[in-house]
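The values are calculated or read from the model by the stated rules, or taken from the named source; none is laboratory data. Fair warning: this is a prediction, and the values are worked out from it, not measured in the lab. Cβ sites come from the backbone with ideal geometry, for glycine too, and all protein chains shown count toward neighbours. We work out accessible area using only protein heavy atoms, side chains counted, and drop any ligands, DNA or RNA first. Shrake-Rupley method; radii C 1.70, N 1.55, O 1.52, S 1.80 Å.
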Amino acid sequence: YFQMPATRKVFTLAMVRKTNSLLLGLKKKGFGEGKWNGFGGKVEKDETVSEGAVRELEEESGLVAKCLRKIGILEFEFAGDPVLLEVHVFDVTHYEGEPVETEEMLPQWFPEDGIPYDQMWPDDILWYPLYLKGTKFKGYFLYQGHDTILEYTLTQVEHL
Ligand SMILES: Cc1cc(-c2ccco2)c2oc(N)nc2c1
């Protein structure tokens, strides 16, 4: 029957990669605390999604993205919560600077075959393989709390 539309909030997630390694940040406080993740956050009213991705990456890691490619869109809902997170995922292959620890994030390089999935959001183990083989993707994940996925859909797409 008629589903009340959720309130959508747009977020960014920047995945920084160099040969066979991935830069992840350990979230030190706030949303997703204690999990390794890419770098991102809310998109402000006065900026585009890409501008938000560049801003959040610099705020959280000190890196200035020089080239970022849209690679995926992930939608997240939490059972019982009317907010839908629309997360735009970017691949950053060209950047300036060295990663620095910030108040929010402790950055660390991981080999692609040594990703700490057990200390990450449970959706990551599902879509990282698509990301790492270079396909674009769209996904929807219904969470119960922050550690259980009740249901999900994940498809590879040609264009975002
Ligand atoms: C519920 C949720 C949110 C995010 C997120 C918010 C802002 C940027 O990312 C995730 O990121 C990942 N990898 N899983 C995630 C689950």
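Observations on the model:
- Here the scattering of the stretch 27-111 is modelled by Debye summation over its C-alpha atoms, one equal scatterer each and no solvent; at q = 0.23 Å⁻¹ the log10 of I(q)/I(0) is -1.32.
- A 1.4 Å probe run over the protein chains yields, for the stretch 29-160, 52 Å² of accessible area per residue, whole-number rounding.
- When His159, His146 are compared by accessible surface with a 1.4 Å probe, the order from highest to lowest is His159, His146.
- Pairs of lysines in the stretch 22-160 (C-alpha under 20 Å apart; 8 or more residues apart or interchain): 10
- Charge tally in the Cβ shell below 14 Å around Glu77, where Lys, Arg are +1 and Asp, Glu are -1, Glu77 excluded: -3
- Test item: Cα-centred dipole of the chain, Lys/Arg +1 and Asp/Glu -1 on Cβ, debye: 360
- Isotropically averaged projected area of the chain, using the convex hull of Cα atoms (one quarter of hull area), nm²: 9.8
- Separation of alpha-carbon centers, the stretch 127-160 and the stretch 4-73, rounded to whole Å: 16
- Accessible surface of the stretch 48-160 [probe 1.4 Å, protein heavy atoms]: carbon and sulfur percent: 52
- Separation of the Phe110 and Leu160 label points, Cα + 7 Å toward Cβ, nm: 2.0
- Using θ = phi - 60° and Karplus 6.51 cos²θ - 1.76 cosθ + 1.60, couplings along the stretch 81-88 (whole Hz; Gly, Pro as x): 10, x, 8, 10, 8, 9, 9, 8
- With the gyration tensor restricted to C-alpha atoms of the stretch 33-78, the semi-axes of the equivalent ellipsoid amount to 17, 15, 12 Å, longest first.
- Most positive-pole-ward Cα, Leu68, Thr7, Gly52, against dipole of the chain from beta carbon charges: Leu68
- Within the chain, helix-based [θ] at 222 nm, where runs of 4 or more DSSP H residues each add -39,500 (n - 2.57), nearest 500: -4000 deg cm²/dmol
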